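For reference, the structure discussed in these notes is given below.
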Amino acid sequence: MSNLLWRKQGIAVDADIQRFLAGDDIILDREFMRFDIQASRAHAEGLHRIGILSADELTAIGRELDLLADDFQHGDFVLDERYEDMHSAIEDRLTERLGDIGKKIHTGRSRNDQVLVATRLWLKAKLDETAALCREIAGIALTRAEAESDLPMPGYTHLQRAVVSSAGMWWAGWAEAFIDNALRAHATGDWLDANPLGTAAGYGVNLPLDREHTTAALGFARMQVSPLYAQLSRGKFELAALEALGGAMLDLRRIAWDLSLFTTAEFGFVELPAQYTTGSSIMPNKRNPDVIELMRAAYASVAAARTEIEQLLSLPSGYHRDLQFGKGGLVHGFTRGLGALRLLPALLDALEWNPKAMRSALEPSMYATDLAVDLARQGLPFRDAYREAAKPERWAEGDPAASLAARVSTGGAARLGLDVLKARLRSIAKD
Ligand code: ARG
């Protein structure tokens, strides 16, 4: 490790201990680097506005930050073990190129507020993508709900055949779920849309930093006011983001579960497009739904990240290096989670039902609930109607269309409530 920013004369540095301190942090920092560069630019602008950097110095720093961002993006500047972290790497590069001018960049900032601001910017982008994917998934589910509202399929409770349902009802459920998930991702994005840059190590700094400027330049909605809370919120906002992603992943896990059941020979309701299946190395006959299984498994990585970060937060106030270990889980959780979520729209689009298998899974007992309610509507007390409808001799092949048509979800005539869902989805569309 070349240039340790904090190194003092006469104090020995042990290579093994340095490796332990760094761990995989410098590799993880590759995720956040472009945001740290962006925040460094805003900070430099702020320093110019309060007279710490001259116009020429700002221009030089701005130019070098642009070059660094370019080199980093094209792989010409690699974050690796030569550096302690991305923060040091940026200062190192500016100093190497600009000498004393580069050495001014750290005036009034700490790596503590640098890592906070880079993580918040990174998460804003991730939550935007989460919300966009949820909106897309909801849109596909809505379109298919409308098209397939009359395609009967069994409705299960306890995985036992219960009542007549439809593909439309299945889709409408996911549409509403992903509208909720999109809303939550939006809300969480708004909640963490606050600028910590300028809070330094957690106790502010004796300079009139132009925090309004950095807040606007970085596109934050507001600034974090208390320097100490800016530190204390580390981990907390990562947890909130993982929870927002986790909400969508819970639904994704259930969709994957449904599909892995529906694609078995025993159900036979759907056939997965070939690209979502793999083969077996020994059993030539197999087509395995590995893709949906890994999509289902991705929830575990999100939940694990949440747990790991929560455990790390058992700390007194102020910055502690423990917090660094939250980065791995956060990156891993979002990489796995978004990786799975990104596959969902195309999978849902491509899904083909086998209407014959779904129709033949309906049986007379599945109209018993309709019968009980019909008898109650005719005046029989419901409990008596229920007992009457429980008699197998009362069960007869019913009409799925009539059964479905009589069911309401909005309290009005609109059976699946699709208009309500469409309006909600429109209201959260990004302009
Ligand atoms: N890698 C460090 C982290 O993630 C950066 C901040 C280091 N700050 C410090 N005071 N050692 O927390």
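Details
- Subset of the range 189-204 (residues that are of a type in the set (A, V, I, L, M), within 12 Å of the ligand (Cβ to nearest atom) and either open to solvent by less than 30 Å² (accessible area, probe 1.4 Å) or on the phi > 0 side of the Ramachandran plot (or both)): ALA200
- Test result for THR369, modelled with pLDDT of 95 or more and part of a helix (DSSP H, G or I): yes
- Among (1) over 25 Å from the mean Cα position of the chain (by Cα); (2) of a type outside the set (Phe, Trp, Tyr); (3) open to solvent by less than 30 Å² (accessible area, probe 1.4 Å), the one test that ASN354 misses: (3)
- Looking only at residues of the range 62-96 that are more than 16 Å from the ligand (Cβ to nearest atom) and not in a helix (DSSP H, G or I), we find that the one that is least open to solvent (accessible area, probe 1.4 Å) is PHE77.
- Breaking point among (1) closer than 17 Å to GLY168 by Cα; (2) assigned to a helix (DSSP H, G or I); (3) open to solvent by less than 60 Å² (accessible area, probe 1.4 Å), for ARG415: (2)
- Residue match in the range 269-282 (condition: open to solvent by less than 30 Å² (accessible area, probe 1.4 Å), modelled with pLDDT of 95 or more and closer than 30 Å to ALA167 by Cα): yes
- Test for GLY108: is it of a type outside the set (A, V, I, L, M, F, W, C) and more than 16 Å from the ligand (Cβ to nearest atom): no
- Total residues in the range 138-154 satisfying the condition of being farther than 13 Å from LEU421 by Cα and open to solvent by less than 10 Å² (accessible area, probe 1.4 Å): the figure is 2.
- Against the conditions (1) farther than 17 Å from LEU341 by Cα; (2) in contact with a strand residue (DSSP E or B) (Cβ under 8 Å, 6 or more places away or on another chain), LEU259 satisfies every one except (1).
The values are calculated or read from the model by the stated rules, or taken from the named source; none is laboratory data. Quick caveat, the model's predicted, so the values are computed rather than measured. Here the Cβ is made from the backbone with ideal geometry for all residues, glycine too, and neighbour counts use every protein chain on show. We work out accessible area using only protein heavy atoms, side chains counted, and drop any ligands, DNA or RNA first. Shrake-Rupley method; radii C 1.70, N 1.55, O 1.52, S 1.80 Å.
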